[in-house]
Every structure is written in C-alpha cells, then in structure tokens.
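Read the structure below first, then the notes.
The values are calculated or read from the model by the stated rules, or taken from the named source; none is laboratory data. If you're wondering where the values come from, they're calculated on a predicted model, not measured in any experiment. Counting neighbours? That spans all protein chains shown, and the Cβs are built from the backbone with ideal geometry, glycine included. In case anyone asks, the SASA skips ligands and DNA or RNA and just uses the protein heavy atoms, side chains included. Shrake-Rupley method; radii C 1.70, N 1.55, O 1.52, S 1.80 Å.
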Amino acid sequence: MADQPVVDVENLGKTVDSGGQPLTILRDITFSVAAGETVAIVGASGSGKSTLLGLLAGLDLPSSGAIRLDGLTLADLDEDARAVQRGRLLGFVFQSFQLLPALTALENVMLPLELAGRRDAAKIAADWLRRVGLGERLAHYPKHLSGGEQQRVALARAFAPAPRLVLADEPTGNLDAATGRQIIDLMFDLNAKQGTTLILVTHDEAIAARCGRVLGLDAGWLAG
C-alpha cells in the first residue's frame, strides 16, 4: 500500500535481566514513521534511545509489542531473515564510523552492494564517494582518513544501496563541531535527494530541530 508506514511500532517494551532482577528499558512505545519523514530520537543518557534503534534494526527482539518494517513484523522472522531485511531496507550511520580497517574506502562502500548481489558495486561505490567529496580517496584505508572523511565514507556506504530507511546513531558524536555540521548538512542533503526515511538518535538539539518530528524518551517512556 502506498500509505503504509515504513516503520510501525506498537506497544513496544524491552526488559532485560540485571543481576537477577528485571530491568525495563522501554515501556509501551507506539509510533509510526511515513516514507520520507525525518525523525529525531532524543533523551538523556540511559533513556533507551540506542536500545530502540537496535530494535528497529532487528538486531534484538522486543519483550512485548511489535515492530513492522515495510509491513513485515520483525518478530515473525528468524535471525537470518531479519538480516536479509536489514540488507534490503536499511542503511546505518554509527557514531564510531564502523568502517572495516582492512578495506579501502571504495571497498567499504562496495561491501553492502556486493552482499546484495550488485555486479556494478564498484561503479556505484565510486560514484557515491565522489558525491560525498572523496573522489580522490577511493584507495585510502580508514587509518589514513580524518574522522570527518571516515564519516563521509560511512554516509556513502549507508546510502549507496538505496535503502528505504537510514538509521543514524549520534552521527556527529566523534567529530568536532565544525566537521559535525558539515556531516549533518551532507546527510540531510543526501536524504532529501534520495527521498529516504531517516531516523536519528542525537543529543544535539540543533540537529533534532532540523528533523520533521522529534520523539523524546524519558526513562523508557515516549514523551513526544
């Protein structure tokens, strides 16, 4: 259906064992995200933001409630099937870049494309690296790139497979303020041009304000 949400979260809860006692991290979370929306998730440290992002990615399963991505209920899928859906639907941008050190910038961006069976992975990856301003850095390894350049590679890797949804976890957390602003400008520009849905976790109110909607988490409860 054309109006089907990309993300649909219903009565989501997550409880883990903590020293033999239950610890509730998320409580009765309900929201949906339409195609093309930009949504910020904000809250104090320990409020459950990263846990929620991990659940949306299918990296973990909720204790209660349901998450549907593109109409598919994640809990109905086994681990391998969830991995397939991640590859098909999702792009990721992490605070710590998460580039593979033994691969060049080009090879890092090629990786998700190759996993998806794209035979033109090298061309697509090179084109995306040029789009993020790294056309002269294709053969460079992460250790030879600055933090800002590494995050540009990560943005290219996230957007190159044309995902429906990009999840970003504190994408400027390891960058200085000026570089962080450049990365955020680039991420929002790429997102708008691709028509991608974006959900990002951030402590930065200025970044959150650039999103179409802000969801606040407070001690595991959805506050807005």
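Annotations for the structure displayed:
- Criterion violated by VAL93 - all others in (1) crowded, with 16+ Cβ neighbours inside 10 Å; (2) aliphatic (A, V, I, L, M); (3) not in a strand (DSSP E or B) satisfied: (3)
- Test: residue in region 174-197 that is open to solvent by 60 Å² or more (accessible area, probe 1.4 Å), farther than 21 Å from LEU106 by Cα and in contact (Cβ under 8 Å) with a residue 40 or more places away in the chain: yes
- Some residue of region 201-210 being surrounded by 20 or more Cβ atoms within 10 Å (Cβ to Cβ) and either among the charged types (D, E, K, R) or in contact with a Gly (Cβ under 8 Å, 6 or more places away or on another chain) (or both): no
- Region 3-83 holds strands (runs of 3 or more DSSP E) entirely within its bounds, and those carrying 2 or more residues that are β-branched (Val, Ile, Thr) and surrounded by fewer than 18 Cβ atoms within 10 Å (Cβ to Cβ) map to 7-18, 21-33.
- Just one of the listed residues (LEU74, LEU53) is touching a strand residue (DSSP E or B) at 6+ places or on another chain (Cβ under 8 Å) and without any contact (Cβ under 8 Å) to a residue 24 or more places away in the chain, and it is LEU74.
Okay, residues lined up against (1) at pLDDT 95 or above; (2) under 30 Å from SER47 (Cβ atoms); (3) within 18 Å of the chain's Cα centre (by Cα):
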{"position": "THR104", "(1), (2), (3)": "yes, no, no"}
{"position": "VAL109", "(1), (2), (3)": "yes, no, yes"}
{"position": "ARG118", "(1), (2), (3)": "no, no, no"}
{"position": "GLU136", "(1), (2), (3)": "yes, no, no"}
{"position": "HIS140", "(1), (2), (3)": "yes, no, no"}
{"position": "GLN150", "(1), (2), (3)": "yes, yes, yes"}
{"position": "ALA154", "(1), (2), (3)": "yes, yes, yes"}
{"position": "THR172", "(1), (2), (3)": "no, yes, yes"}
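- Against the list (1) open to solvent by 30 Å² or more (accessible area, probe 1.4 Å); (2) under 23 Å from PRO171 (Cα atoms); (3) in contact with a Ser or Thr (Cβ under 8 Å, 6 or more places away or on another chain), the condition ARG86 fails is (3).
- You will find that of THR51, THR38, the residue that is closer than 14 Å to LEU165 by Cβ and either at pLDDT 90 or above or among the acidic types (Asp, Glu) (or both) is THR38 and no other.
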